[in-house]
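Structure first, then comments.
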Amino acid sequence: QVQLVESGGGLVQPGGSLRLSCAASGSIFVIYAMGWYRQAPGKQRELVARITSGGTTDYDDSVKGRFTISRDNSKNTVYLRMDSLKPEDTAVYYCNVVLRTSWGSSRTDYWGQGTQVTVSS
């Protein structure tokens, strides 16, 4: 069993900042990529940012220069620092972790429960 617990969402004014956290726990052998996706009402879930086990990052063009993804491997935790937030950033944000639960297992995607981010004045 693997659990992903997200925190840090909320309501913020345009131009404000938030920091999301996602901690993975349970039966974890090795973690590969960690990332954040978001889904706005009526839209498909989209990748926001991801980070590999080696620290390589990738961002959607809409958040480059405003969002920063990082990870703490000692805590199995991934963070998303969001600055200069815009109303169009409003969505449910989901944590995604790719990991193996044992030596012989295959890589599997796990998802957090989602945390609401609302940017509004």
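Residue count for the range 87-105 satisfying the condition of being open to solvent by 10 Å² or more (accessible area, probe 1.4 Å) and within 14 Å of I28 (Cβ to Cβ): 6.
Residue by residue, here is whether (1) surrounded by 15 or more Cβ atoms within 10 Å (Cβ to Cβ); (2) over 13 Å from the mean Cα position of the chain (by Cα); (3) more than 15 Å from T115 (Cβ to Cβ) holds:
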position	(1), (2), (3)
R19	no, no, no
S27	no, yes, yes
A40	no, yes, no
Q44	no, yes, yes
L85	yes, yes, no
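In a residue-by-residue description of the range 72-80, the property of being within 18 Å of S21 (Cα to Cα) and out of contact with any strand residue (DSSP E or B) (no Cβ under 9 Å at 6 or more places or on another chain) applies to at least one position.
Quick one: would you say T118 is polar (S, T, N, Q) and open to solvent by less than 50 Å² (accessible area, probe 1.4 Å)? The answer is yes for T118. On the stretch given as the range 51-109, residues that are aliphatic (A, V, I, L, M), out of contact with any Leu (no Cβ under 8 Å at 6 or more places or on another chain) and within 30 Å of S120 (Cα to Cα) total 5. Taking into account only those residues within the range 82-99 that are in contact with a Lys or Arg (Cβ under 6 Å, 6 or more places away or on another chain) and not small (G, A, S), which is farthest from Q13 (Cα to Cα)? My answer is V98. Answer with yes or no whether L99 is closer than 27 Å to Q1 by Cα, modelled with pLDDT of 95 or more and over 13 Å from the mean Cα position of the chain (by Cα). Considered against the rule, which asks whether it is closer than 27 Å to Q1 by Cα, modelled with pLDDT of 95 or more and over 13 Å from the mean Cα position of the chain (by Cα), L99 comes out as yes. A Cβ distance below 6 Å, combined with a sequence gap of six or more or placement on separate chains, defines the contacts here; from the range 64-81, residues that are assigned to a loop (DSSP other than H, G, I, E, B) reach residues that are modelled with pLDDT of 95 or more and not aliphatic (A, V, I, L, M) in the pairs R66/D83; R66/S84.
Here are V63, V92, V119: which of them is over 18 Å from Q1 (Cβ atoms) and touching a Pro at 6+ places or on another chain (Cβ under 8 Å)?
V119
Residues of the range 83-104 that are part of a loop (DSSP other than H, G, I, E, B) and touching a residue at least 60 places away in the same chain (Cβ under 8 Å): D83, S84, L85, K86, T101, S102, W103.
Looking at V63 and the list (1) within 14 Å of the chain's Cα centre (by Cα); (2) open to solvent by 10 Å² or more (accessible area, probe 1.4 Å); (3) aliphatic (A, V, I, L, M), which single condition is not satisfied? With respect to (1) within 14 Å of the chain's Cα centre (by Cα); (2) open to solvent by 10 Å² or more (accessible area, probe 1.4 Å); (3) aliphatic (A, V, I, L, M), V63 is out only on (2).
The values are calculated or read from the model by the stated rules, or taken from the named source; none is laboratory data. Everything numeric here is computed off the predicted structure, so don't read it as measured data. In this analysis, Cβ positions are derived from the backbone assuming ideal geometry, glycine residues included, and neighbour counts consider all displayed protein chains. The area values use the complete protein model at the heavy-atom level, side chains included, leaving out ligands, DNA and RNA. Shrake-Rupley method; radii C 1.70, N 1.55, O 1.52, S 1.80 Å.
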